Amino acid sequence: LRYAHYAAGVIVENFPELDPRFDRGQASDWMRELAAHYERMRRAHPDDWLCIVFDIDGTILDMRDHVVRVLLAYDRERGSEQFEGLRPEDITVHESRPGLLLDRLGVADHLRADVLAYYAENLWSAETMREAGGPYPGVLGVIRWFQLQPGTVVALNTGRPETVREATLTSLNEVGRTFRVSFSSELLCMNRRDWGQGVQQAKVDGLERLHARGLRVVAVVDNEPANIRAMAEADTTGEVLFLHAETIFESHRESTPRTVAGSSYELRNLVPERELRRRVQFVWHGVNDEANLLQFLASGIGWAETDVRRDPLGRLVLRHDSFTETPWTRAERPFRLAELISAVGEHDRSLKIDLKEAELLEPVLAAVREAGLPDNRLWFNAAIDTLGREGFAQIVASHPDAVISSPVDFAAPLLLAAPDLARRFLATLGAWGVTRLSVDWRAPRIHDLLGVLHPLAWDVNIYGIPDLEAFLEASLLLPTSVTADFNFPAWNYFGRGSGENGYHEFDLGAAAGG
Ligand SMILES: [Mg+2]
């Protein structure tokens, strides 16, 4: 449904070099267009600095949050209760139409004039600007992606005037922090006139200033059709792809050249995992059965993660749940650790073994020793209380160069609240032989937690990834590794999934032999 939603919103006009994939009747997507266009420009101008330009309000920041904040501030200051329970989704008109908004919200007549005056005074005040509203989902991932690309910068081109430069930078950098996105003053183009004055000309001037600085502008994202028209008309290079963010906009929708439109920033259509794979180790979660093994071997993923258990017959088998949690059945066909180790060895892949029980340590080490996998292709993971100091020491003794990881989300409150204690705790883990910290993406305050670990220079593994967008977002933070179920429905493995996403396709040819 979500796919149908944005596909329906896409307009492609007068753009001569459509990606050939769309000729198959496949719906176009603006992020996919952006990816294809960027790649073409990169090939055409390998030595130039490429620049992707974003408008701020209504493009990066959801103005509805901003409007809600101003109205709630009114209630707080006046001691009134006109906007009790107000949520961003209740804001259904452009921020420049407060009268209409107050009608829709049913604000008391005697307060209207006062609310409108307050609104006019505060909507764009530096005070309000200092706190940015919510960014649209995915947009900071898109910006992060481009900021990671070599020879590429992201610029901001806003109708906000110079007077709020500092407040704008401060608030946007605060919003971008969790995504490791940052904006610089040199790449922030603002309106040299006053609020709302000559915005379209300001947008054109902004692009010209970027050109003058030697940047090759290749894409511009804005939510106002009138701004896009002005910039498209002034563009003499013919190289700029315009992206209309269909959020809430004021000017009339109109056809503009070289414009694609969309209403959600979906990383899946922009970020190819083959690029991420060069920077992040991917670990296929739960290779505990033959189906997952085949899919894993068909993928380009380097690491297989598996859970080892001892079955009631005393054999080492691969199983996520214990036999107490989920009793076996007559139909269950056990998949043995030895089979997996030899498959991984034959295909030059690497193995991450999740040790769920201490008593499995010795037999697992024996099985690994027998198979002769080198240390650089081995990874052991265990909770600190499962193995304890002695258990970890035993792994280090047998495999001094293997990865040894342990989940640390349980210590998140400590890591966040008591940095000194946290450093001692982590030093203890290091002394035990742990080389990598594993954190659950679903943990509360995960971004803060990653922010604490990042400067400490620990290798970090992220696990607990619920879906493809989360996987891409987590990977863009460039942890050492990400453990995920790579058979997301939107990807193509052996006909599984909807196959809607050609951009995330693994080479299945490799599976033929496996
Ligand atoms: Mg805007």
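Taking residue 218 and the conditions (1) of a type outside the set (Phe, Trp, Tyr); (2) more than 16 Å from the ligand (Cβ to nearest atom); (3) surrounded by fewer than 21 Cβ atoms within 10 Å (Cβ to Cβ), which numbered condition does it fall short on, given that it satisfies the others?
(3)
So which helices (runs of 4 or more DSSP H) stay within the range 198-288 end to end and still have 2 or more residues that are over 20 Å from the mean Cα position of the chain (by Cα) and over 23 Å from residue 162 (Cα atoms)?
In the range 198-288, the matching helices (runs of 4 or more DSSP H) lie at 225-234.
Does the range 39-90 hold any residues that are in contact (Cβ under 8 Å) with a residue 60 or more places away in the chain, in a loop (DSSP other than H, G, I, E, B) and touching a Lys or Arg at 6+ places or on another chain (Cβ under 9 Å), and which are they?
Within the range 39-90, 45, 48, 55, 56 qualify.
Kindly provide the set of residues from the range 269-308 that are under 14 Å from residue 145 (Cβ atoms) and open to solvent by less than 30 Å² (accessible area, probe 1.4 Å), ordered by number. Break it down into steps so the answer makes sense when it comes.
If we filter the range 269-308 for residues that are under 14 Å from residue 145 (Cβ atoms), which is where we start, we get 269-276, 278-280.
Residues satisfying the conditions are 269, 270, 271, 272, 273, 276, 280.
Just checking, how many residues over the range 127-157 are more than 23 Å from residue 274 (Cβ to Cβ), modelled with pLDDT under 95 and either buried (at least 23 other Cβ atoms within 10 Å of the Cβ) or not acidic (Asp, Glu) (or both)?
Going through the range 127-157 one residue at a time, the tally reaches 9.
Just one of (1) in a helix (DSSP H, G or I); (2) within 23 Å of residue 211 (Cβ to Cβ) trips up residue 183, so point out which.
Checking residue 183 against (1) in a helix (DSSP H, G or I); (2) within 23 Å of residue 211 (Cβ to Cβ), the one that fails is (1).
Tally up the residues in the range 226-247 that are surrounded by fewer than 23 Cβ atoms within 10 Å (Cβ to Cβ), within 11 Å of the ligand (Cβ to nearest atom) and under 21 Å from residue 29 (Cβ atoms), please.
Summing the residues that are surrounded by fewer than 23 Cβ atoms within 10 Å (Cβ to Cβ), within 11 Å of the ligand (Cβ to nearest atom) and under 21 Å from residue 29 (Cβ atoms) in the range 226-247 gives 1.
I'd like to verify a number: residues in the range 249-265 that are open to solvent by 10 Å² or more (accessible area, probe 1.4 Å) and touching a Ser or Thr at 6+ places or on another chain (Cβ under 8 Å), how many?
Here the count works out to 2.
Can you spot a residue in the range 72-80 that is in contact with a helix residue (DSSP H, G or I) (Cβ under 6 Å, 6 or more places away or on another chain), over 18 Å from residue 159 (Cβ atoms) and either of a type outside the set (A, V, I, L, M, F, W, C) or surrounded by fewer than 17 Cβ atoms within 10 Å (Cβ to Cβ) (or both)? Don't jump to the end; show me each part of the working.
In the first step, residues of the range 72-80 are kept if they are in contact with a helix residue (DSSP H, G or I) (Cβ under 6 Å, 6 or more places away or on another chain); the result is 74.
Then drop every residue that is not over 18 Å from residue 159 (Cβ atoms), which leaves 74.
Those left that are additionally either of a type outside the set (A, V, I, L, M, F, W, C) or surrounded by fewer than 17 Cβ atoms within 10 Å (Cβ to Cβ) (or both): 74.
Scanning the range 72-80 turns up at least one residue that is in contact with a helix residue (DSSP H, G or I) (Cβ under 6 Å, 6 or more places away or on another chain), over 18 Å from residue 159 (Cβ atoms) and either of a type outside the set (A, V, I, L, M, F, W, C) or surrounded by fewer than 17 Cβ atoms within 10 Å (Cβ to Cβ) (or both).
Right, residue 305: under 28 Å from residue 135 (Cα atoms) and either of a type in the set (Val, Ile, Thr) or within 30 Å of the chain's Cα centre (by Cα) (or both) or not? Walk me through how you get there before you give the answer.
Values: under 28 Å from residue 135 (Cα atoms): no; either of a type in the set (Val, Ile, Thr) or within 30 Å of the chain's Cα centre (by Cα) (or both): yes.
Here the answer is no, as residue 305 does not meet what is asked.
The values are calculated or read from the model by the stated rules, or taken from the named source; none is laboratory data. Here the structure is a predicted model, which means the values were calculated and not measured. Glycine gets a Cβ as well: all are built from the backbone with ideal geometry, and neighbour counts include every protein chain shown. These area figures cover heavy atoms from the full protein model, side chains too; ligands, DNA and RNA do not enter into them. Shrake-Rupley method; radii C 1.70, N 1.55, O 1.52, S 1.80 Å.
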